[in-house]
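Here's the structure, in structure tokens; my notes come after.
The values are calculated or read from the model by the stated rules, or taken from the named source; none is laboratory data. Everything quoted here is computed from the prediction, not taken from an experiment. Quick reminder, even Gly has a Cβ in these numbers, built from the backbone with ideal geometry, and neighbours come from all protein chains shown. Heavy atoms of the whole protein, side chains included, go into the accessibility calculation; ligands, DNA and RNA do not. Shrake-Rupley method; radii C 1.70, N 1.55, O 1.52, S 1.80 Å.
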Amino acid sequence: MKTTIKKATTMRKTRRLPYLVLMLLTVLLVQNASAQSHENTKKENERWISPARTAINVCPGGVAFGFYSANVEHLFGENHGLVLRGDLETIPDTYSDAKIESSGKAVILNYRYHIGGGLNSFYAGAFARYRKIKGDGALETGDFDFKLPECTLGLNVGKRWIWKSGLSLNFALGYGYAYDELKVNNSSQAALDAIDVFRDDYTFMNGFLGEFSIGYAF
């Protein structure tokens with residue numbers, strides 16, 4: 001006798017307008033501070049600008065937490081940078097009583113305007129991220145599995161340092177509007193409740209984007 005597995009689809013929109021406003025204000029403050037620095041500080045005008053046009057970075061700090069990330073940025077002209085980044089995350093099964101085993105993959109496209117010119121400068125920009133989390137769990141009502149695709153559009157600011165040896169260090173923070181759509185096989189209420197706990201505990205900051213990475217610029 002075959003058991004029919006029901007499929008349920010739920011949608012959730014995460015509105016983070018206060019964070020977007022904060023990001024916009026941060027961008028304006030960074031631009032204003034940079035303009036004042038160029039006008040009032042002669043030393044800033046003599047800042048060394050790296051001739052590097054491309055930088056490849058990885059995030060070594062995330063490996064201990066099961067998070068792997070790498071990105072490449074290329075500079076067009078003096079100010080316009082385009083970043084392609086890939087993320088892979090292995091997620092612990094401690095986020096619900098269902099012992100959900102899950103993993104996620106993401107690709108990010110990020111535009112950066114380098115305010116001071118060159119890759120080694122402050123920047124502000126916008127990003128788009130597509131991420132998909134897959135997981136499965138077990139309950140007394142039966143096993144279940146789910147997919148959680150997510151799209152995020154947001155703003156970010158940051159700073160890249162480049163030494164004359166080519167060593168590169170990058171720090172960035174961003175936040176945006178995130179939209180996800182949950183698809184579940186075996187849509188029992190217990191399964192949905194377990195996944196809700198997972199979403200609340202693990203993806204509550206799904207609009208956030210951060211980077212602290214090291215690499216090489218050339």
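Restricting SER187, SER165 to residues that are assigned to a loop (DSSP other than H, G, I, E, B), under 24 Å from GLY61 (Cα atoms) and among the polar types (S, T, N, Q) narrows the list to SER165. Only a single item in (1) under 23 Å from GLY215 (Cβ atoms); (2) touching a strand residue (DSSP E or B) at 6+ places or on another chain (Cβ under 9 Å) is not met by LYS164, and it is number (2).
Residue by residue, here is whether (1) open to solvent by 10 Å² or more (accessible area, probe 1.4 Å); (2) within 20 Å of TYR177 (Cα to Cα); (3) assigned to a strand (DSSP E or B); (4) β-branched (Val, Ile, Thr) holds:
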{"residue": "GLY104", "(1), (2), (3), (4)": "no, yes, yes, no"}
{"residue": "TYR111", "(1), (2), (3), (4)": "yes, yes, yes, no"}
{"residue": "GLY117", "(1), (2), (3), (4)": "no, no, no, no"}
{"residue": "ASP143", "(1), (2), (3), (4)": "yes, no, yes, no"}
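Among residues of region 192-218 being under 23 Å from LEU155 (Cα atoms) and in a loop (DSSP other than H, G, I, E, B), the one that is modelled with the lowest pLDDT is PHE204. The residue pairs whose first member lies in region 166-187 and is open to solvent by 10 Å² or more (accessible area, probe 1.4 Å), whose second member is of a type in the set (S, T, N, Q) and at pLDDT below 95, and whose beta carbons are closer than 7 Å, counting only pairs six or more residues apart or on different chains, are GLU181/THR9; LYS183/THR9.
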